[in-house]
């Protein structure tokens, strides 16, 4: 990733922040996108190496388009987009979910992924290369009580990623998804506090560290992951963990 330019959405905390650090350590110039301007500003300053902090709500098309245009104006290219921004709220049964909060989850988890792709694909096509990775979830494929917004929006994003590969793979773009499993982030704290569905009952010791997901994303940007283009990699798979170098 030496001198590659990587945009990471939802970069203020959790997997996004860990990914920014891992990619920067690998030589990439990272652009951190999030609504939390103070947090991404502090993270970019700590990383150094030309890291950029750009305030951006992925649900806002104009904001995403402007952020990626700024990255290209400053660096001249865009090598990878990590679509990581996501929200778990509302955690509620369908009969009780707040409609506005439900719609907001779809705007972030699904429409936000589309916005990133829509802004990045023309840039990458003009370059003839680029990697787009959507951070997915087991909830994209398995229904869970109280998570209707999260499950539905993540399922949509997973299919959107497959469509993007179908349309753009022939143009030199590498597009795929990563399902990291349960990760020790603030989202898991919120899930545990909710007490809803079996995921909230998991012992915190079973959650993987955020940097495992980050290191998997870094590996996916390299040719060793080419066999998974258009597919979703599950980090629960021990064979994948070995290939990434997380376990022996």
### Query
Using r as the Cβ-Cβ distance of residue 94 and residue 2, and R0 as 45 Å, what FRET efficiency do you calculate, to the nearest 0.05?
0.40
### Message
Between 0 and 90 degrees, rounded to the nearest ten: what's the tilt of helix 61-75 against the longest Cα principal axis of the chain?
### Response
40
### Task
Subtracting the Cα-Cα distance from 0.36 nm times the residue separation, let me have the gained length for residue 129 to residue 206 in nm, one decimal.
24.0 nm
### Query
Going by a ≥ b ≥ c, the root eigenvalues of the Cα gyration tensor, does the stretch 91-197 fall in the rounded group (a/c under 1.5), the prolate group (a/b larger than b/c) or the oblate group?
prolate
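Once fully extended, how much extra length lies between residue 171 and residue 73, figured as 0.36 nm per residue of separation less the alpha-carbon to alpha-carbon distance?
Answer, rounded to one decimal: 33.0 nm.
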### Task
Rounded to the nearest Å, what's the spacing between the alpha carbon centres of the stretch 116-185 and the stretch 189-248? Just the number, please.
15
### Query
What are the principal axis extents of the Cα atoms in the stretch 1-52, in Å, biggest first?
27, 18, 13
### Query
Which length gain, in nm to one decimal place, applies between residue 38 and residue 238 when the Cα-Cα distance is subtracted from 0.36 nm times their residue separation?
68.3 nm
### Dimensions in Å of the stretch 5-244 - Rg and Dmax from alpha carbons
16.8, 49
### Task
Determine which residues of the stretch 16-44 fall in the zone a paramagnetic label at residue 66 would reach in this model, i.e. backbone nitrogen under 15 Å from the point 7 Å along Cα→Cβ.
33-37
### Message
For the stretch 33-162, place one equal point scatterer on every Cα, skip the solvent, and apply the Debye formula. What is log10 of I(q)/I(0) at q = 0.14, 0.16, 0.21, 0.22 Å⁻¹?
### Response
-0.67, -0.84, -1.21, -1.27
### Message
For Cα pairs less than 8 Å apart in space and 6+ apart in sequence, what is the mean separation divided by the residue count of the stretch 5-244, i.e. the relative contact order in percent?
### Response
19
### Task
Per residue, how big is the convex hull around the C-alpha atoms of the stretch 153-248? Give it to me in cubic angstrom, could you?
105
### Query
Label-point separation (nm) for residue 55 and residue 248, each offset 7 Å from Cα along Cα-to-Cβ?
4.9
### Message
Rounded to two decimals, what is the ratio between the C-alpha radius of gyration of the stretch 51-119 and 2.2 N^0.38 Å?
### Response
1.31
### Query
To the nearest 10 degrees, how steep is helix 210-220 against the longest Cα principal axis of the chain, on a 0 to 90 scale?
50
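Bear in mind that the values in this text are calculations on the coordinates, not laboratory data. If you're wondering where the values come from, they're calculated on a predicted model, not measured in any experiment. When we count neighbours, we look across all protein chains shown, and the Cβ atoms used for this are built from the backbone with ideal geometry, even at glycine.
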